[in-house]
Amino acid sequence: MRPNRSIPPSGVVPVLIYPDVRAAVAWLEGAFGFSERVRVGEHHRAQLVAGEGAVIVADVRSTRVAPSGGVATHLVMVRVDDAVAHCARAEAAGARVTDPVTDHVYGERQYTVVDPWGHRWTFSQTLEDVLPEDWGGVSVGGS
């Protein structure tokens, strides 16, 4: 992939809609440890680094709306080094834990929270490398 410093280098970059971009950026930095890398206008959008990945926070406009009504239309997964400590930090910042830290047969320790604007996040810590076939999954195609 050709590099461009104006866009995150990740192959997949979720764009999440928030009613207040600056408040969302501040909260995501404090609660989840993300860091802002590019700001586009004061209230239009921001690119955040999330571990080895990225997320874009964008404003409400036209047909773009923030989550409402408690309905889950998406869930963003972010890999972390220590799910227990990360969960404690997120919860202290006001994230609502919907699925507590749990170790899974597929080698991951995960928890899920909802941020103050209704976006759902799962944070995942790798405990061990497990073949999908060892827990009932099926390896299909490439890597």
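The numbers here are math on the coordinates, done by the rules we state, and not lab data. In this text, all values refer to a predicted model and were calculated from it rather than measured experimentally. So basically every Cβ, Gly included, is an ideal-geometry build from the backbone, and we count neighbours across all protein chains shown.
Here are the numbers for this structure:
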quantity: Candidate set: segment 22-81, residues that are under 17 Å from the mean Cα position of the chain (by Cα) and hydroxyl-bearing (Ser, Thr, Tyr); chosen: the one farthest from GLU128 (Cα to Cα); calculated: THR73
quantity: Set THR112, THR73: member being within 25 Å of ALA46 (Cβ to Cβ), without any contact (Cβ under 8 Å) to a residue 40 or more places away in the chain, in contact with a Ser or Thr (Cβ under 6 Å, 6 or more places away or on another chain) and not aromatic (Phe, Trp, Tyr); calculated: THR112
quantity: 2 or more residues among the small types (Gly, Ala, Ser): qualifying strands (runs of 3 or more DSSP E) within segment 20-88; calculated: 45-50, 53-59
quantity: Close pairs from segment 118-130: first closer than 19 Å to ALA90 by Cβ, partner among the aromatic types (Phe, Trp, Tyr), Cβ under 8 Å, at least 6 apart; calculated: HIS119/TYR18; TRP121/PHE32; THR122/TYR111; PHE123/PHE32; PHE123/TYR111
quantity: Of residues in segment 89-142 being in a strand (DSSP E or B) and among the polar types (S, T, N, Q), the one surrounded by the fewest Cβ atoms within 10 Å (Cβ to Cβ); calculated: THR102
quantity: Answer residue from segment 61-74, given it is exposed (fewer than 14 other Cβ atoms within 10 Å of the Cβ) and of a type outside the set (S, T, N, Q) and is nearest to GLN125 (Cα to Cα) among those; calculated: HIS74
quantity: Total residues in segment 35-56, condition more than 15 Å from SER10 (Cα to Cα) and either surrounded by fewer than 17 Cβ atoms within 10 Å (Cβ to Cβ) or in contact (Cβ under 8 Å) with a residue 40 or more places away in the chain (or both); calculated: 6
quantity: Out of ALA31, ALA58, ALA54, ALA46, sole residue that is more than 16 Å from MET77 (Cα to Cα) and out of contact with any Asp or Glu (no Cβ under 6 Å at 6 or more places or on another chain); calculated: ALA58
quantity: Conditions (1) among the small types (Gly, Ala, Ser); (2) in contact with a Leu (Cβ under 6 Å, 6 or more places away or on another chain); (3) free of Cβ contacts under 8 Å to residues at least 12 places away in the same chain: number failed by SER139; calculated: (2)
